[in-house]
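Trainee: Take a look at the following structure, please.
Since every read-out is calculated from the coordinates, none of them should be taken as a lab result. Just so you know, these numbers come straight off a predicted model, no measurement behind them. Because the Cβ atoms are built from the backbone with ideal geometry, glycine has one as well, and the counts that use them run over all protein chains shown.
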Amino acid sequence: MVVETNERPATQTPQFSMELNDEQRQIQKWIHGFAKDVVRPAAHEWDEREETPWPIIQEAAKIGLYSFEFLQNAFADPTGLTMPIANEELFWGDAGIGLSIFGSTLCVAGIVANGTPEQIVEWVPQCFGTPDKVQMGAFGVSEPDAGSDVSSLKSRAVYDEAKDEWVLNGTKTWITNGGIADVHVLVLSVDPELNSRGHAAFVVPPGTPGLSQGQKFKKHGIRASHTAEVVLDNVRVPGRCLLGGKEKLDARLARAREGKSSKVQAAMATFEATRPAVGAQAVGIARAAYEFALDYAKERKQFGRAIIENQAIAFKLADMKTRLDASRLLVWRAAWMGKNGKPFENGEGSMSKLFAGESAVWVTEQAIQIMGGYGYVRENPVERWHRDSKIYTIFEGTSEIQRLVISRAISGIHIK
Ligand SMILES: Cc1cc2nc3c(=O)[nH]c(=O)nc-3n(C[C@H](O)[C@H](O)[C@H](O)COP(=O)(O)OP(=O)(O)OC[C@H]3O[C@@H](n4cnc5c(N)ncnc54)[C@H](O)[C@@H]3O)c2cc1C
């Protein structure tokens with residue numbers, strides 16, 4: 001006979017919880033402290049200077065936040081939530097500085113997604129260096145004529161068999177940390193006839209001749225983060241710099257030439273892994289603006305009462321908080337799915353980045369509206385947060401491209 005009971009057996013731990021565990025909460029608190037005490041006070045200065053905030057990166061290295069060990073720890077979290085939590089807290093402090101600190105992780109993701117264990121061990125630590133000699137990584141796919149359409153890369157990698165070297169030529173554009181990074185991971189075409197299936201990712205080691213920085217861009221937002229062209233002029237790298245190795249590449253190219261299916265391409269493998277973390281960055285910016293506007297709305301008096309006492313303002317804040325929390329939940333779901341090997345059958349990774357990015361733009365704009373003229377001037381951080389948020393509808397796949405991914409996933413139809 002089966003006895004029905006509501007009591008859970010004492011030995012069984014709950015399989016589902018919406019609560020962070022102690023370790024996650026500690027990391028959240030630790031990074032929040034750094035964001036509040038070090039990052040946020042420096043944000044205005046570095047936004048105005050439009051330069052890489054090296055002293056702040058060094059501070060992050062000294063406390064161990066900017067390090068291989070931190071990433072290893074974060075990636076080891078079986079729930080997948082540590083990276084989104086870390087990103088949200090740091091970007092709550094400032095997005096431009098945040099991207100200067102976490103920008104190298106895109107390069108790390110490129111190495112981890114495409115490289116062999118030996119390559120990961122060799123190159124990932126070099127993306128950070130040491131607190132005394134901070135290093136950086138950059139990940140470059142985009143080109144002047146290949147943005148959303150990654151399949152149309154023009155940069156070429158040609159194998160020189162006699163020397164076991166690859167010769168790289170072309171121009172990458174919009175590259176975060178481009179030209180100032182020590183380690184560049186670049187996706188180039190090895191067989192243009194195969195479009196994106198003929199791409200491969202290469203590490204360009206520090207100081208390699210022929211790699212130079214082209215134009216440095218002056219931007220609308222995230223101005224403390226360096227964005228530039230990377231020019232490749234007969235750059236020679238050893239054969240071991242091809243991520244994944246030549247044997248694997250040859251096998252993949254052979255399958256593609258026979259028209260057989262293959263796994264995701266080099267660029268896509270990287271972006272799939274990083275989308276939830278990028279969504280979490282947008283959540284951090286939105287949360288900063290929401291909190292600031294909430295405080296202001298309680299303080300600011302017009303017509304003899306706090307402006308929050310008007311439904312028009314209070315309802316805005318209610319909508320801001322709702323979108324903020326919905327964004328975070330989408331991000332956490334995608335991060336958990338990614339970590340636990342659940343396929344994004346409905347484009348869940350794209351959903352998280354799409355909704356969090358669009359919501360951040362909307363929330364920061366509402367924050368300006370709530371603050372009136374005070375929200376529109378540069379002395380006030382909501383003006384900067386609004387500018388910073390906009391990139392989240394553009395990089396790592398525009399909002400339109402995310403919608404393309406989602407609509408194809410849910411319909412099974414190749415929507416154009
Ligand atoms: C600050 C910054 C940092 C960046 N960092 C990096 C980096 O580190 N590494 C890197 O590789 N790249 C980086 N990028 C590049 C970024 O990923 C691209 O800008 C982005 O992918 C869009 O490409 P695009 O700018 O060429 O726009 P386009 O692809 O030309 O798109 C223009 C418009 O057309 C729309 N569109 C295009 N195709 C379609 C379609 N099929 N259906 C509907 N709409 C479409 C787009 O959504 C967009 O609205 C960065 C960009 C910026 C601005």
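Trainee: Do you know the relative contact order of the chain, to the nearest whole percent, from alpha carbon pairs under 8 angstrom that are 6+ apart?
Mentor: For the chain, the relative contact order is 16 percent.
Trainee: Using only alpha-carbon positions, what ratio does the radius of gyration of segment 167-259 give when scaled by 2.2 N^0.38 Å?
Mentor: 1.21
Trainee: Suppose R0 equals 35 Å. What FRET efficiency, 1/(1 + (r/R0)^6) with r the Cβ-Cβ distance, do LYS133 and ILE415 give to the nearest 0.05?
Mentor: 0.15
Trainee: Then there's this: Between ASN340 and ALA314, what length in nm is gained on full extension when 0.36 nm per residue of separation is reduced by their alpha carbon distance?
Mentor: 5.5 nm
Trainee: Could you quote the convex hull projected area for segment 266-416, Cα atoms only and averaged over all directions, in nm²?
Mentor: The orientation-averaged projected area of the Cα hull of segment 266-416 comes to 10.0 nm².
Trainee: Measure off 7 Å from each Cα along the Cα-to-Cβ vector at ARG305 and ARG236, then give the distance between these two points in nanometres to one decimal.
Mentor: 7.7
Trainee: Please order HIS184, HIS199, HIS44 by the number of other Cβ within 10 Å, starting at the fewest.
Mentor: HIS44, HIS199, HIS184
Trainee: Continuing with the same structure: Just round it to a whole percent: the fraction of Cα-Cα distances in the chain exceeding 26 Å.
Mentor: So the pairs more than 26 Å apart make up 56 percent of the total in the chain.
Trainee: Which of MET18, MET371, MET136 comes first, and how do the rest follow, when ranked by fewest Cβ neighbours within 10 Å?
Mentor: Going from least to most buried by this count: MET18, MET371, MET136.
Trainee: Let me ask something additional. For LYS154, go through the aspartates and glutamates and keep the ones whose alpha-carbon is under 18 Å away, minus same-chain ones fewer than eight residues off.
Mentor: Within reach: GLU143, ASP145, ASP191, GLU193, GLU229, ASP233.
Trainee: Working from Cα positions, state the angle (0 to 90°, nearest 10) between the long axis of helix 246-257 and the longest principal axis of the chain.
Mentor: Tilt relative to the chain: about 90 degrees.
Trainee: Separation between the LYS218 and GLU193 pseudo-spin-labels, each 7 Å from Cα along Cα→Cβ, expressed in nm?
Mentor: Computed distance between label sites LYS218 and GLU193 equals 4.7 nm.
Trainee: Going by alpha carbons, how many degrees (0 to 90, nearest 10) lie between the helix axis of 348-371 and the longest principal axis of the chain?
Mentor: 40
Trainee: If you don't mind, another one. Taking the Cα atoms of segment 22-127 alone, what are Rg (to one decimal) and Dmax (as a whole number) in Å?
Mentor: Here Rg and the maximum Cα pair distance are 14.0, 41 Å.
Trainee: Between helix 399-411 and the chain, what is the angle of the helix's C-alpha long axis to the longest principal axis, kept within 0 to 90° and rounded to the nearest 10?
Mentor: Roughly 80 degrees, rounded to the nearest 10.
Trainee: Compare the peptides 299-309, 313-323, 121-131 by average per-residue count of other Cβ atoms within 10 angstrom and give them in order, highest first.
Mentor: With the highest mean Cβ count within 10 Å placed first, the list reads 121-131, 313-323, 299-309.
Trainee: I would also like to ask the following. Identify which of GLN24, GLN311, GLN369 has the largest mean-square fluctuation in a Gaussian network model of the chain, with springs joining Cα atoms closer than 10 Å.
Mentor: Comparing GLN24, GLN311, GLN369 in a Gaussian network model of the chain, the most mobile one is GLN311.
Trainee: Sticking with this one: I'd like the distance separating the alpha-carbon centroids of segment 350-387 and segment 75-148, in whole Å.
Mentor: Segment 350-387 and segment 75-148 have Cα centres spaced 25 Å from each other.
Trainee: Using a Gaussian network for the chain with springs between C-alpha atoms less than 10 Å apart, which of these wobbles most: GLU59, GLU247, GLU400?
Mentor: Answer for the Gaussian network model of the chain: GLU247.
Trainee: Less than 23 Å apart at the alpha-carbon level, and either on another chain or at least 8 residues along: which lysines does that give for LYS316?
Mentor: Candidates past the 8-residue exclusion: LYS298, LYS301, LYS353, LYS390.
Trainee: To the nearest 0.05, what FRET efficiency results for LYS260 and SER17 with a Förster distance of 41 Å applied to their C-beta separation?
Mentor: According to the calculation, E is roughly 0.45.
Trainee: If I model a spin label as a point 7 Å beyond the Cα along the Cα-Cβ vector, how far apart are those points for GLU69 and ASN169 in nm?
Mentor: Spacing of the two 7 Å Cα→Cβ label points: 4.6 nm.
Trainee: FRET efficiency for LYS321 and GLU118, Cβ-Cβ distance as r, R0 = 56 Å, nearest 0.05?
Mentor: Efficiency for this residue pair is about 0.75.
Trainee: If each residue's Cβ is checked for other Cβ atoms within 10 Å, how do ARG25, ARG403 rank with the fewest at the top?
Mentor: Ascending number of Cβ neighbours within 10 Å: ARG25, ARG403.
Trainee: Could I ask something else about it? If amide H atoms are built 1.01 Å from N in the plane of the peptide, which residues on other chains or at least 5 residues away come under 5 Å of the amide H of GLY244?
Mentor: Here the answer is THR116, since their amide H atoms fall under 5 Å of that of GLY244.
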